[in-house]
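*Asks:* Sharing a structure, written as structure tokens. Questions coming.
The values are calculated or read from the model by the stated rules, or taken from the named source; none is laboratory data. All values reported here derive from a predicted model rather than from experimental measurement. Cβ placement follows ideal geometry from the backbone for every residue including glycine, while neighbour counts extend to all protein chains displayed.
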């Protein structure tokens, strides 16, 4: 694999060509089928475009939306009104403005306009909705769907009301629907593999860790929501010109359940899963619909009419998939990542080469000027309980400052204040002399402040190289250059063997090191490490000290180290600050701190003093 690529050319090509081949095969079946079968295949392909629209947002963000069918409905009505014959529109939509009623556009232009309108609508709707919590977005988007349904159902002079629109041009063929579906696959994969797509996938894996590396969660969700609206609008526009009629109930709860079932069954995290799930569920649905009116198997077994069998079948399929295969039939993997497709290669993909210095496009982090990350008089209370009481701190570039103290002393809270995750009640945080008190974690990361957490917070579904590259993308580095930065960081930390392994499958030590590499990829001037040695063996702790010493030497950033293992702090940090009960007890060299009776009494313990004297 190239050092400037996140996946091999084979994987990229297979991930693109396999779903397009499935679409081409479906088109061929439709072309040579009966007129009725052609209509069914065209309907399936139109639904596929809508499902791909869902995948762009839901699959990459991990946040479910029940309102995307509202954009499909909007696209359908825009395209229908732009193509409705003038004589018919006079009776069905008498209040329609003349420039729309007389437009009578062709299918390509009307579909393109519907896509643009739905994209803009999604941006407008998404602006307030994406500001809500992850749990509130599904409910909010469903409310949007209800609003769209009631508007088109009751605005009779403009939309035809509950009676709908009829005699629309039937211009969507199997071939045109197939071409649009193939284009939608390209758009969905291009977004997924873009820097914005990777940033959004990082928020899906862990929102807190994403914010710590500079990713604006709302912004990335907004981009995906708008692109999703475009694709859903295209699907709705094509669908209405396949049937020739438009009814508000066509794009409501039933369509929402059907398309979401297709996405979940196939695997929401992959474009291949969206394609495969749509085709699989559509096939089963058509079979069950045929059986609803009664059928005979092999001429011997008769099945009586069973109304509602298709809906029951879809429900059971969805339930079984969510229980037995939470990641869907595709396992959440693209076609090029499936094992049986990778075996088609005669040779395994080569591993990443060892670095021979920093690659082109991956600038080394500049060494320090005489500036610092400082905190002055930081105080913070939770429900009246004072956690920090006027704490001061100064971390210079290129130095390691240890922060120790008993549990509940306020160490992590102080780091949360420094990194923007909590705002102090009083006090000031300055970054290289600039007041940054209250700035968001994402903005601080872009300003040069990196951090890790007590938990490793990996991005489980991303490979090691992708996880670190997302760190660079989070602060605005382009995708190709971010890969070079990530390769350079992994090489300097001697972690290249983790590049192709999923982060969620790594042991705790490697997950913590990958988290440090991810933070370093943001090119921080100051790096805040919260208990990086927790859970490590003695040998692993010694190796960690050596790695962090190399970070100081090679990257030139200042390190604030919170650690309960005093030996790690004393080995790495020439200066140590001790907190107790939210106050600074002592700041000094390791020797001074170890000899301070107040520190020994509050934290180290008398046994430590005896050992130090010995």
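*Asks:* Go through the range 169-181 residue by residue and tally those that are surrounded by fewer than 18 Cβ atoms within 10 Å (Cβ to Cβ) and part of a helix (DSSP H, G or I).
*Replies:* Counting residues in the range 169-181 that are surrounded by fewer than 18 Cβ atoms within 10 Å (Cβ to Cβ) and part of a helix (DSSP H, G or I) gives 2.
*Asks:* Quick check on residue 45: is it in contact (Cβ under 8 Å) with a residue 24 or more places away in the chain, crowded, with 17+ Cβ neighbours inside 10 Å and more than 20 Å from the chain's Cα centre (by Cα)?
*Replies:* yes
*Asks:* How many residues does the range 87-101 hold that are loosely packed, with under 11 Cβ neighbours inside 10 Å and touching a helix residue (DSSP H, G or I) at 6+ places or on another chain (Cβ under 9 Å)?
*Replies:* Summing the residues that are loosely packed, with under 11 Cβ neighbours inside 10 Å and touching a helix residue (DSSP H, G or I) at 6+ places or on another chain (Cβ under 9 Å) in the range 87-101 gives 1.
*Asks:* Then there's this: Does any residue in the range 88-107 that is more than 15 Å from residue 246 (Cβ to Cβ) come within less than 8 Å, Cβ to Cβ, of a residue that is in a loop (DSSP other than H, G, I, E, B) six or more places away or on a different chain, and which pairs are these?
*Replies:* Cβ pairs passing all conditions: 101/84; 101/93; 104/84; 104/85; 106/171.
*Asks:* Does residue 185 satisfy the condition of being buried (at least 22 other Cβ atoms within 10 Å of the Cβ) and in a helix (DSSP H, G or I)?
*Replies:* yes
*Asks:* Do we find that residue 81 is over 30 Å from residue 207 (Cβ atoms), more than 20 Å from the chain's Cα centre (by Cα), at pLDDT below 95 and not in a helix (DSSP H, G or I) in this structure?
*Replies:* no
*Asks:* Any idea how many residues of the range 504-535 are under 19 Å from residue 403 (Cα atoms) and surrounded by fewer than 19 Cβ atoms within 10 Å (Cβ to Cβ)?
*Replies:* 2
*Asks:* Filter the range 511-535 for residues that are in contact with a helix residue (DSSP H, G or I) (Cβ under 6 Å, 6 or more places away or on another chain) and over 22 Å from residue 475 (Cβ atoms); which is modelled with the lowest pLDDT?
*Replies:* Applying the filter and picking the extreme gives 535.
*Asks:* Also, I was wondering about something else. Return a yes/no flag: does the range 191-212 have any residue that is under 21 Å from residue 46 (Cβ atoms), at pLDDT 95 or above and assigned by TED's automatic domain parsing to the domain that holds residue 89.
*Replies:* yes
*Asks:* So, of the residues in the range 560-578 that are under 37 Å from the mean Cα position of the chain (by Cα) and touching a residue at least 60 places away in the same chain (Cβ under 8 Å), which turns out to be nearest to residue 386 (Cα to Cα)?
*Replies:* Among them, the one singled out is 562.
*Asks:* How do the helices (runs of 4 or more DSSP H) wholly within the range 437-498 filter down when requiring 2 or more residues that are outside the structural domain of residue 216 (by TED's automatic domain parsing), out of contact with any helix residue (DSSP H, G or I) (no Cβ under 9 Å at 6 or more places or on another chain) and in contact (Cβ under 8 Å) with a residue 40 or more places away in the chain: which remain?
*Replies:* 479-492
*Asks:* Here is a further query. With 10, 37 as the choices, which residue is modelled with pLDDT under 95, surrounded by fewer than 21 Cβ atoms within 10 Å (Cβ to Cβ) and in the same structural domain as residue 244 (by TED's automatic domain parsing)?
*Replies:* That would be 37, the only listed residue that is modelled with pLDDT under 95, surrounded by fewer than 21 Cβ atoms within 10 Å (Cβ to Cβ) and in the same structural domain as residue 244 (by TED's automatic domain parsing).
*Asks:* All but one of (1) part of a helix (DSSP H, G or I); (2) more than 17 Å from residue 185 (Cβ to Cβ); (3) assigned by TED's automatic domain parsing to the domain that holds residue 201 hold for residue 27, so report the exception by its number.
*Replies:* The one condition residue 27 does not meet is (2).
*Asks:* Being crowded, with 23+ Cβ neighbours inside 10 Å, within 18 Å of the chain's Cα centre (by Cα), assigned to a helix (DSSP H, G or I) and in contact (Cβ under 8 Å) with a residue 24 or more places away in the chain: is that true of residue 70 here?
*Replies:* Working: crowded, with 23+ Cβ neighbours inside 10 Å: yes; within 18 Å of the chain's Cα centre (by Cα): no; assigned to a helix (DSSP H, G or I): yes; in contact (Cβ under 8 Å) with a residue 24 or more places away in the chain: yes.
Answer is no for this residue.
*Asks:* If only one of 27, 44 is farther than 21 Å from residue 290 by Cβ and in contact with a helix residue (DSSP H, G or I) (Cβ under 7 Å, 6 or more places away or on another chain), which one is it?
*Replies:* Result of the check over 27, 44: 27.
*Asks:* In the range 201-220, what count of residues is obtained for those that are part of a loop (DSSP other than H, G, I, E, B) and either free of Cβ contacts under 8 Å to residues at least 24 places away in the same chain or under 11 Å from residue 458 (Cα atoms) (or both)?
*Replies:* So the answer is 1.
*Asks:* Does the range 407-425 include one or more residues that are touching a residue at least 24 places away in the same chain (Cβ under 8 Å), surrounded by fewer than 17 Cβ atoms within 10 Å (Cβ to Cβ) and assigned to a strand (DSSP E or B)?
*Replies:* The answer is no; no qualifying residue exists.
*Asks:* Next up: Suppose we filter 389, 397 for residues that are touching a strand residue (DSSP E or B) at 6+ places or on another chain (Cβ under 9 Å) and surrounded by 19 or more Cβ atoms within 10 Å (Cβ to Cβ); which single one remains?
*Replies:* It is 397.
*Asks:* If residue 210 satisfies all but one of (1) surrounded by fewer than 24 Cβ atoms within 10 Å (Cβ to Cβ); (2) more than 25 Å from residue 19 (Cα to Cα), what's the number of the condition it fails?
*Replies:* Every condition holds for residue 210 apart from (1).
*Asks:* Kindly check whether there is at least one residue in the range 107-126 that is assigned by TED's automatic domain parsing to the domain that holds residue 51, part of a loop (DSSP other than H, G, I, E, B), over 30 Å from residue 18 (Cβ atoms) and out of contact with any strand residue (DSSP E or B) (no Cβ under 9 Å at 6 or more places or on another chain).
*Replies:* No, there is no match, as no residue in the range 107-126 is assigned by TED's automatic domain parsing to the domain that holds residue 51, part of a loop (DSSP other than H, G, I, E, B), over 30 Å from residue 18 (Cβ atoms) and out of contact with any strand residue (DSSP E or B) (no Cβ under 9 Å at 6 or more places or on another chain).
*Asks:* Do we have residue 381 as at pLDDT 90 or above, in a strand (DSSP E or B) and out of contact with any strand residue (DSSP E or B) (no Cβ under 6 Å at 6 or more places or on another chain) here?
*Replies:* On the way: at pLDDT 90 or above: yes; in a strand (DSSP E or B): yes; out of contact with any strand residue (DSSP E or B) (no Cβ under 6 Å at 6 or more places or on another chain): yes.
It is true that residue 381 is at pLDDT 90 or above, in a strand (DSSP E or B) and out of contact with any strand residue (DSSP E or B) (no Cβ under 6 Å at 6 or more places or on another chain).
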